[in-house]
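The values are calculated or read from the model by the stated rules, or taken from the named source; none is laboratory data. Note that the structure is predicted; figures quoted are calculated from it, not measured. As a convention, Cβ positions derive from the backbone with ideal geometry for all residues, glycine included, and neighbour counts pool all protein chains shown. The protein model used for the area step is the full one, side chains on, heavy atoms only, and it has no ligands, DNA or RNA in it. Shrake-Rupley method; radii C 1.70, N 1.55, O 1.52, S 1.80 Å.
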Amino acid sequence: FFGVTASNLRIAMAAGKASEPLAIRKVAVRPSLIPPGLGFRASALGGTASGTVDLLGDVTVKVELKDVDLSQGNVKGFSGIDLAGKVNGSLDLTIPVVAMPGSKIKEPDLGQATGTFALEASSLAINGGTVTVPMYGEPTQLDLPKVALGDIRAEIKFEKGQGAVERLGAKSADLELDAKGTLKLAKRIEYSEPSLDFRLKAEPEFKKRLGLIGAGL
């Protein structure tokens, strides 16, 4: 009745995907009565993630990330990417509960959500690792170069599922990135549609370090 706390969690990829578990130090979930819903707090990656999910009427989701360190918690083993840097952020979304077409059953529809998303990352860097990408129809592992992404700022405002990217950029000694555009949410998050224009400026020393990839860049 008063909630549940779990310690030393391990989160693994779906079966068939080779990766090591992500380590989460502690997660606490508790019910809230006014309004009816759930509150949660997680201690992970040297920082915290906390928030609430209100279930009375439309679903309201609020999440806050504070001082999350991407070099901790076995992120490299879980994702294959050796990351560094700290992340802070917030998400505040109201998701309407609507009747499904041809049915009286009502479900939350992320494609009609309204709210905001903000993210700040400081001293973000890729220190190597590998990613699997499709090449010539086959999954192929690629080694990642060392890249300093620097400080990243992102702000997106959603109105009935339509997200306007008000700010998305990064700046470091290696490169400068700026993006503008939209993010259209779908009922299922994996079907959301980004439409972004990127401007990328890579410093000469960085391109030289990348070799052939840098020449193409």
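A few notes on this one:
- Selection status of Ala164, among the aliphatic types (A, V, I, L, M), at pLDDT 95 or above and open to solvent by 40 Å² or more (accessible area, probe 1.4 Å): yes
- Output for region 26-51, where each listed residue is surrounded by 16 or more Cβ atoms within 10 Å (Cβ to Cβ), free of Cβ contacts under 8 Å to residues at least 40 places away in the same chain and touching a Leu at 6+ places or on another chain (Cβ under 9 Å): Val27, Gly37, Ala42, Ala44, Leu45, Thr48, Ala49
- Residue check, Val165 assigned to a strand (DSSP E or B) and either over 19 Å from the mean Cα position of the chain (by Cα) or in contact (Cβ under 8 Å) with a residue 40 or more places away in the chain (or both): no
- For region 181-197, taking the residues that are hydrophobic (A, V, I, L, M, F, W, C) and at pLDDT 90 or above, the one that is surrounded by the fewest Cβ atoms within 10 Å (Cβ to Cβ) is identified as Leu196.
- Matching residues, region 97-130, being open to solvent by 40 Å² or more (accessible area, probe 1.4 Å) and in contact with a helix residue (DSSP H, G or I) (Cβ under 9 Å, 6 or more places away or on another chain): Asn127
- Residue list for region 131-143, filter: free of Cβ contacts under 8 Å to residues at least 12 places away in the same chain and either crowded, with 16+ Cβ neighbours inside 10 Å or part of a strand (DSSP E or B) (or both): Val133, Pro134, Met135, Glu138, Pro139, Thr140, Gln141
- Scanning region 85-129 for residues that are more than 14 Å from the chain's Cα centre (by Cα), in a strand (DSSP E or B) and basic (Lys, Arg) yields one hit, Lys106.
- Those residues of region 25-58 which are farther than 23 Å from Lys160 by Cα, outside any strand (DSSP E or B) and hydrophobic (A, V, I, L, M, F, W, C), in sequence order: Leu33, Ile34, Leu45
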